[in-house]
Amino acid sequence: MQKRKHSWAAFVGGGNKKVEELTGENARILPKATHEERKKQEAKRKGKLKTLAGKLLKTVVGGKETVEKAGAEDVTGNLLKRPSSRKGEERGTPAEETVCRFIEQGKFLEACDQIHNLERSGNDGVGKSESLYELLAEQMWTVVGEALSGSDRMLQEPLQSVGESLKWEKQKEAERLGNSLETDSVSTWSPNFWRKDLEEKLMQYMTAQIPPFASSTDTDETALKQHLSHLERTFLPSLEHRSDVFKEAGLLVTYARCCHASLCSHFATLTDSNCFSFSQSLLIYGWSIKLYKRGSQACERPGHSLSLGAQCLVWILLKTEEKLLATAREEVGKALKEAFDIGKPPWADAAVIEILTEKTEAARQVSESLSEKVEAECLEECLRFLESYEDEVRSFIQLDGCPQIYSTLRILESCCLLRTVWHKLTYICRVSTQQNVKVNGFLHRIEEDTMEHFLQTITAKVKGTLKNHFKKCDSGFDHILESLKQNFLTFGKKKTDIYEALVKAVNAIIITEYMQALLTTPRKTSAMQRRRIVNKIEEDHRMMQTIFKECLGPAADSLKDPMKAILELVQTSDPEGMKIALLPILKEFPDLRKEHLSAVLDIKDSLSREDRAALLKAFHDNCRESETEANLLFADIEVKPRKCGLCGCLCC
């Protein structure tokens with residue numbers, strides 16, 4: 001039997017030029033050697049093996065010659081040194097010679113038996129058996145390397161002997177474990193590491209053969225498709241082809257396990273990348289399912305030796321699915337944050353729905369069960385986003401200073417849009433009752449907090465502006481109204497459900513604050529100042545009517561309008577007409593008190609004391625307590641009673 005000696009590095013890309021050419025990214029298929037070249041090559045190898053065997057034998061049995069070190073290809077040179085004073089150094093023992101001959105012939109099982117007998121004989125000397133075991137292992141891995149290179153089918157018997165030697169090791173290990181006297185030596189016995197060493201060698205080789213994934217960009221799907229195609233058409237068939245040799249040698253289980261482990265490790269490295277996108281993970285998932293189905297069909301065919309086993313593919317599927325779902329959560333969360341940035345206009349509802357459904361639809365093209373999992377993750381990520389969005393809104397409205405009105409309206413607009421989106425999702429996706437309750441709860445709290453803050457902001461701005469409104473020519477009240485109009489009109493274009501209620505609430509705040517400022521204006525004013533106040537009320541009323549009519553349309557007709565009633569009262573010239581104008585005021589605003597009416601009459605130009613008393617008496621005769629607290633306007637307006645006149649009563 002011919003024996004071939006090569007360094008393991010030659011089979012895993014460890015510096016050998018020929019192997020670099022074969023395993024490089026641009027590997028070329030070398031032409032077959034001619035018959036004459038092959039004969040020369042075999043003769044050369046045979047001579048080299050004979051020389052090596054002689055050196056090994058001399059090294060084992062000890063001799064005067066010293067074997068020079070030869071790097072990785074001559075690791076056996078100093079495996080065994082014997083004392084020069086020992087007898088019999090001119091020739092080795094028959095057992096040692098037999099071991100070397102078996103190793104040279106590739107009969108590794110027979111060599112194992114001989115070394116074991118030497119171990120048991122008591123003539124092991126300075127550990128010759130361990131050195132022989134190391135020599136034997138080195139030669140076995142050389143045979144495995146030759147088999148992996150696929151260069152020669154004549155290695156079948158030596159490779160089969162490798163498999164038998166591994167079975168022998170397992171048997172002897174069990175015997176040693178059964179013998180209490182030898183239990184401690186099992187952990188240090190050289191053959192105990194053979195199986196692990198073989199797996200390491202196979203893994204090194206297979207890992208070196210996997211083509212590297214090179215992409216110009218982190219999310220390059222084209223490069224990934226090419227990589228998967230290369231694995232499917234080149235790498236996996238090459239492993240399949242070489243598996244026949246290992247199957248005949250009884251090493252298919254170990255070989256297949258290493259194939260699976262190397263491929264799993266490769267995909268784990270791929271999917272663990274932080275930049276790996278959802279679509280890339282989906283490509284790998286679909287590719288794995290395709291191979292799984294193909295492998296199931298192949299296992300049913302006679303003569304099938306190796307395919308990517310179900311356990312390997314299931315592991316890749318689970319690993320990829322884990323990455324795929326995590327990426328879906330990450331990408332959906334990031335997209336939702338961009339869609340509902342407080343400082344920017346929210347996206348359209350169609351775009352948001354696409355964020356939450358496009359990944360589910362893409363997964364459905366690959367696997368229905370996967371699409372259900374992706375859908376569930378997207379919906380849960382939507383809930384997580386709403387929870388974080390609620391915290392973000394709460395932090396925003398608690399900032400020092402009043403945030404811009406427009407930003408607050410955007411939050412309300414976003415809530416309305418999210419409510420619309422979620423309502424549509426309940427028809428598209430499998431939304432649970434619990435999820436529906438949570439989402440509605442989030443949106444209700446966000447809307448409620450934001451609305452309350454918005455109205456408080458409007459109240460503060462209007463109150464501050466109207467404080468000196470009737471004393472200054474330009475208090476800025478008209479600027480606030482114009483700003484509100486522009487913001488409301490922009491907000492109204494989104495056709496949100498709360499728009500009308502919000503505008504009406506703002507109208508009520510402005511009217512209330514306006515009446516508060518009007519009724520608490522100092523009483524001692526000249527006739528000219530009273531006329532100016534009436535003119536300002538008339539001008540402000542006209543502007544407010546225009547703005548709210550534009551914002552609400554026909555719905556503005558239902559708004560309470562005390563300014564109009566007051567203008568009609570103070571602009572009526574005769575006392576009887578004023579009494580008539582007072583009646584609808586008392587009916588529409590039943591919470592109007594006597595001090596409120598007295599303050600209104602103070603801005604009436606040229607009103608005699610008698611006429612004033614008559615109007616107050618008419619108020620007393622016709623006023624009634626409000627039966628409901630709804631639509632109260634004057635109830636919270638505090639006006640100090642007018643000081644007594646010469647008559648000593650409160651009527652003047």
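What the table shows:
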| item | result |
| --- | --- |
| Restricting the range 371-420 to residues that are at pLDDT 95 or above and aliphatic (A, V, I, L, M), the residue that is nearest to A350 (Cα to Cα) | L379 |
| Complete set of residues in the range 225-247 that are more than 25 Å from T271 (Cα to Cα) and out of contact with any Gly (no Cβ under 9 Å at 6 or more places or on another chain) | S243, D244, K247 |
| Residues (of a type in the set (D, E, K, R) and within 16 Å of F213 (Cα to Cα)) located in the range 228-255 | E232, R233 |
| Index of the failed condition, L502 passing every other in (1) within 16 Å of C551 (Cα to Cα); (2) open to solvent by 20 Å² or more (accessible area, probe 1.4 Å) | (2) |
| Selection count where residues are farther than 20 Å from Q435 by Cα and assigned to a helix (DSSP H, G or I), scope the range 336-348 | 2 |
| Residue match in the range 579-601 (condition: part of a loop (DSSP other than H, G, I, E, B), free of Cβ contacts under 8 Å to residues at least 24 places away in the same chain and more than 24 Å from A517 (Cα to Cα)) | no |
| Among (1) open to solvent by 20 Å² or more (accessible area, probe 1.4 Å); (2) assigned to a helix (DSSP H, G or I); (3) of a type in the set (G, A, S) - the single one S573 does not satisfy | (2) |
| Candidates K334, K323 - the one that is open to solvent by less than 60 Å² (accessible area, probe 1.4 Å) and either touching a residue at least 60 places away in the same chain (Cβ under 8 Å) or not hydroxyl-bearing (S, T, Y) (or both) | K323 |
| Single unsatisfied condition, H227 versus (1) within 21 Å of T327 (Cβ to Cβ); (2) buried (at least 16 other Cβ atoms within 10 Å of the Cβ); (3) without any contact (Cβ under 8 Å) to a residue 60 or more places away in the chain; (4) touching a helix residue (DSSP H, G or I) at 6+ places or on another chain (Cβ under 7 Å) | (4) |
| Of all residues making up the range 460-479, the number that are open to solvent by 20 Å² or more (accessible area, probe 1.4 Å) and either within 44 Å of the chain's Cα centre (by Cα) or under 16 Å from Q516 (Cα atoms) (or both) | 9 |
| Single unsatisfied condition, L417 versus (1) surrounded by fewer than 17 Cβ atoms within 10 Å (Cβ to Cβ); (2) farther than 14 Å from R445 by Cα | (1) |
| Residue check for A174: at pLDDT 85 or above, surrounded by fewer than 16 Cβ atoms within 10 Å (Cβ to Cβ), assigned to a helix (DSSP H, G or I) and of a type outside the set (S, T, Y) | no |
| Single residue of the range 349-397 satisfying the filter (out of contact with any Leu (no Cβ under 8 Å at 6 or more places or on another chain) and not in a helix (DSSP H, G or I)) that is surrounded by the fewest Cβ atoms within 10 Å (Cβ to Cβ) | Q365 |
| Boolean, M578 is within 57 Å of the chain's Cα centre (by Cα), at pLDDT 90 or above and crowded, with 19+ Cβ neighbours inside 10 Å | no |
| Positions within the range 122-137 being surrounded by fewer than 19 Cβ atoms within 10 Å (Cβ to Cβ) and either at pLDDT 80 or above or not in a loop (DSSP other than H, G, I, E, B) (or both), in sequence order | E130, E134 |
| Qualifying residue in the range 548-557 (condition: surrounded by 13 or more Cβ atoms within 10 Å (Cβ to Cβ), of a type outside the set (A, V, I, L, M, F, W, C) and assigned to a helix (DSSP H, G or I)) | yes |
| Unique match (being of a type in the set (A, V, I, L, M, F, W, C) and over 21 Å from S388 (Cβ atoms)) among A335, A348, A339, A376 | A348 |
| Scope the range 184-220; condition open to solvent by 70 Å² or more (accessible area, probe 1.4 Å) and either hydrophobic (A, V, I, L, M, F, W, C) or modelled with pLDDT of 85 or more (or both); matching residues | F193, R195, K196, E200, Q204, T207, A214 |
| Members of the range 240-253 that are part of a helix (DSSP H, G or I) and open to solvent by 10 Å² or more (accessible area, probe 1.4 Å) | E240, H241, R242, D244, V245, K247, E248, L252, V253 |
| Looking only at the range 261-276, and only at residues there that are small (G, A, S) and either in contact (Cβ under 8 Å) with a residue 60 or more places away in the chain or in a helix (DSSP H, G or I) (or both), the one that is farthest from F213 (Cα to Cα) | A261 |
| Those residues of the range 480-497 which are within 38 Å of the chain's Cα centre (by Cα) and open to solvent by less than 30 Å² (accessible area, probe 1.4 Å), in sequence order | N487, F488, F491, G492, T496 |
| Answer from E73, E104 - the residue that is acidic (D, E), under 30 Å from F246 (Cβ atoms) and either at pLDDT 75 or above or touching a strand residue (DSSP E or B) at 6+ places or on another chain (Cβ under 7 Å) (or both) | E104 |
| Filter result for the condition that a residue is touching a residue at least 60 places away in the same chain (Cβ under 8 Å) and either among the hydrophobic types (A, V, I, L, M, F, W, C) or within 16 Å of A328 (Cβ to Cβ) (or both), over T420, T360 | T360 |
| Residue within the range 555-562 that is within 60 Å of the chain's Cα centre (by Cα) and within 23 Å of K471 (Cβ to Cβ) present | yes |
| Yes/no for H423 being over 30 Å from T360 (Cα atoms) and open to solvent by 80 Å² or more (accessible area, probe 1.4 Å) | no |
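Condition check ((1) modelled with pLDDT of 90 or more; (2) open to solvent by less than 20 Å² (accessible area, probe 1.4 Å)) across all residues:
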| residue | (1), (2) |
| --- | --- |
| L569 | yes, yes |
| L582 | yes, yes |
| F589 | no, yes |
| R593 | no, no |
| D605 | no, no |
| S608 | no, no |
| K617 | yes, no |
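The values are calculated or read from the model by the stated rules, or taken from the named source; none is laboratory data. Since we're looking at a predicted model, the values are computed, not measured. Note: ideal-geometry Cβ built from the backbone for every residue, glycine included; neighbour counts use all protein chains shown. These area figures cover heavy atoms from the full protein model, side chains too; ligands, DNA and RNA do not enter into them. Shrake-Rupley method; radii C 1.70, N 1.55, O 1.52, S 1.80 Å.
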